[in-house]
Amino acid sequence: MVGPDAIIQGPIRLKEGIIIYGKVYGDVSTNGPIRIVQNGLVQGGVQGSDIRIGGTVIGDVTADGQVILGKNCVLKGDISYRKLLIEDGAQFEGKCDLVQNNDQKYQSSKSESNSD
């Protein structure tokens, strides 16, 4: 857990999950779930099994499972996920990449066209 008064400079790498109440200026990477609460802040990439964002993330988010953007979430970055839930009120600026079981990415919100 990163407490509400904590400020961490640099990356965090863990085997288990983490709950972030404070501020992290660097990437957060874990094999477990990640939860960023309402006043939590991460400036850097976030990578974990399942990710729930209730605070602010400025960086890309990559989940092996699901990503939940809570009603107070502010996310400025791209998302790679298997399942995505965006609650009413969440703010999101970026693109979404749906990752299938064979790790092929399907860009579900990128506006590219193959027609000329």
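The numbers here are math on the coordinates, done by the rules we state, and not lab data. Given the structure is predicted, the values throughout are model-derived calculations rather than measurements. Quick reminder, even Gly has a Cβ in these numbers, built from the backbone with ideal geometry, and neighbours come from all protein chains shown.
List of remarks:
- Take the Cα of residue 64, go 7 Å toward its beta carbon, and the backbone nitrogen atoms of the range 21-49 under 19 Å from that spot belong to 28-36, 45-49.
- Note on the chain: Kirkwood radius taken over Cα pairs, Stokes-Einstein applied at 20 °C and 1.002 mPa s, translational D equal to 152 µm² s⁻¹.
- Put simply, the amide H of residue 62, placed in the peptide plane, has neighbours under 5 Å in 46, 47, 48, 80, leaving out anything fewer than 5 places away on its chain.
- Overall, the chain carries a charge dipole of about 260 debye about its Cα centre when +1 sits on the Cβ of Lys and Arg and -1 on the Cβ of Asp and Glu, all other atoms neutral.
- Estimated vicinal HN-Hα couplings, Hz - the range 13-23 in sequence order (Karplus 6.51, -1.76, 1.60; Gly, Pro = x): 10, 9, 8, 9, x, 8, 10, 10, 9, x, 10
- Under the criterion of Cα pairs below 8 Å and six or more residues apart, the relative contact order for the range 7-107 equals 16 percent.
- Rounded to 5, the percent of DSSP beta bridges in the chain classed as antiparallel: 5 percent
- Here's the picture: a label point sits 7 Å out from the Cα of residue 1 along the beta-carbon direction, and within the range 49-93 nothing has its amide nitrogen under 11 Å of it.
- Under-5 Å amide H pairs with residue 27, H placed in peptide plane, nonlocal only: 12, 45
- Which of 45, 22, 75, positive extreme of dipole for the range 7-107 (C-beta unit charges): 22
- Per-peptide average of other Cβ atoms within 10 Å, ordering 21-34, 82-95 highest first: 21-34, 82-95
- Förster radius 41 Å - calculated FRET efficiency between residue 72 and residue 31, Cβ distance, rounded to 0.05: 0.95
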